[in-house]
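*Asks:* Structure below; questions to follow.
The values are calculated or read from the model by the stated rules, or taken from the named source; none is laboratory data. From a predicted model like this one, the values you see are computed outputs, not experimental measurements. Neighbour counts are summed over all protein chains in view; Cβ atoms, including those assigned to glycine, are modelled from backbone coordinates with ideal geometry. Accessible surface areas use protein heavy atoms only, side chains included; no ligands, DNA or RNA. Shrake-Rupley method; radii C 1.70, N 1.55, O 1.52, S 1.80 Å.
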Amino acid sequence: QVHLVESGGGLVQAGGSLRLSCAASGSISRLNTMGWYRQAPGKQRELIVNILSSGSANYADSVKGRFTISKDNAKNTVYLQMNSLKPEDTAVYYCNYRSALWNSWGQGTQVTVSS
């Protein structure tokens with residue numbers, strides 16, 4: 001199985017920045033997709049960005065131009081740099097790992113953006 005550990009959430013003022021990290025361990029496949037989802041209170045979990053093994057990334061319109069995903073293959077870690085944060089970005093952010101064998105989730109990290 002694949003185990004994910006997230007870090008980096010917190011409280012920030014609108015317009016500020018945060019960086020989330022997600023470290024994967026276990027049965028890491030060369031071919032995988034890692035991504036970040038978020039879930040705000042009373043809303044469904046939504047995909048905000050994922051990154052393929054090739055390095056190609058896909059962003060939701062709501063975060064395009066403000067968030068950037070990156071990946072360190074040597075460390076099996078993905079990062080989410082979040083800039084120009086808005087109060088509507090407040091949510092629990094979850095890391096996801098998907099391969100042919102596994103679909104794993106992190107424990108979630110709270111991001112709160114104050115106005």
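*Asks:* Whole-Hz Karplus ³J(HN,Hα) for the stretch 106-114, in order, using 6.51 cos²θ - 1.76 cosθ + 1.60 and θ = phi - 60°, x for Gly and Pro?
*Replies:* Result, rounded to whole Hz: x, 7, x, 9, 7, 10, 10, 10, 8.
*Asks:* I've got another one for you. If you roll a 1.4 Å probe over the heavy atoms of the protein chains, what accessible area per residue do you get for the chain, in Å²?
*Replies:* I get 53 Å² per residue for this part.
*Asks:* How much length is gained if the chain between Q110 and S29 is pulled fully straight, taking 0.36 nm per residue apart and subtracting their Cα-Cα distance, in nm to one decimal?
*Replies:* The Q110-S29 span can extend by a further 26.4 nm.
*Asks:* Could you check how much of the accessible area of the chain is carbon and sulfur, as a whole percent, using a 1.4 Å probe? Before the final figure, lay out the partial values.
*Replies:* On the way: 2980 of 6130 Å².
Here it works out to 49 percent.
*Asks:* For the chain, give the magnitude of the charge dipole about the Cα centre (Cβ charges: +1 Lys/Arg, -1 Asp/Glu; no others), in debye to the nearest 20.
*Replies:* The dipole magnitude comes to about 140 debye.
*Asks:* Still on this structure, please answer the following. Compute the orientation-averaged projected area for the chain from the convex hull of its Cα atoms and round it to one decimal in nm². Display every interim value, and only then the final one.
*Replies:* Values: hull surface 26.5 nm².
Result: a mean projected hull area of 6.6 nm².
*Asks:* What spacing in nm lies between the two simple spin-label points modelled at A40 and S56, each 7 Å away from Cα in the Cβ direction?
*Replies:* 3.0 nm
*Asks:* Out of residues 5 or more away from I48 or on other chains, whose amide H comes under 5 Å of its own, with H placed 1.01 Å from N in the peptide plane?
*Replies:* W36, Y37, R38
*Asks:* Now for a different question. For the stretch 81-86, just list the computed ³J(HN,Hα) in residue order, Karplus coefficients 6.51, -1.76 and 1.60, θ = phi - 60°, integers in Hz, with x standing in for Gly and Pro.
*Replies:* 8, 10, 10, 6, 5, 10
*Asks:* H3 to S17: extension gain in nm, 0.36 nm per residue of separation minus the Cα-Cα distance?
*Replies:* 2.4 nm
*Asks:* Here's something else I'd like to know. Please tell me the relative contact order of the chain in percent, rounded to the nearest whole number, where contacts are Cα pairs under 8 Å and at least six residues apart.
*Replies:* Value for the chain: 37 percent.
*Asks:* Which whole-Hz couplings ³J(HN,Hα) result when phi for each residue of the stretch 34-49 is put into the Karplus expression 6.51 cos²θ - 1.76 cosθ + 1.60, θ = phi - 60°, listed in order with x for Gly and Pro?
*Replies:* Calculated HN-Hα couplings, in order: 10, x, 10, 10, 9, 9, 8, x, x, 10, 7, 5, 10, 6, 10, 6 Hz.
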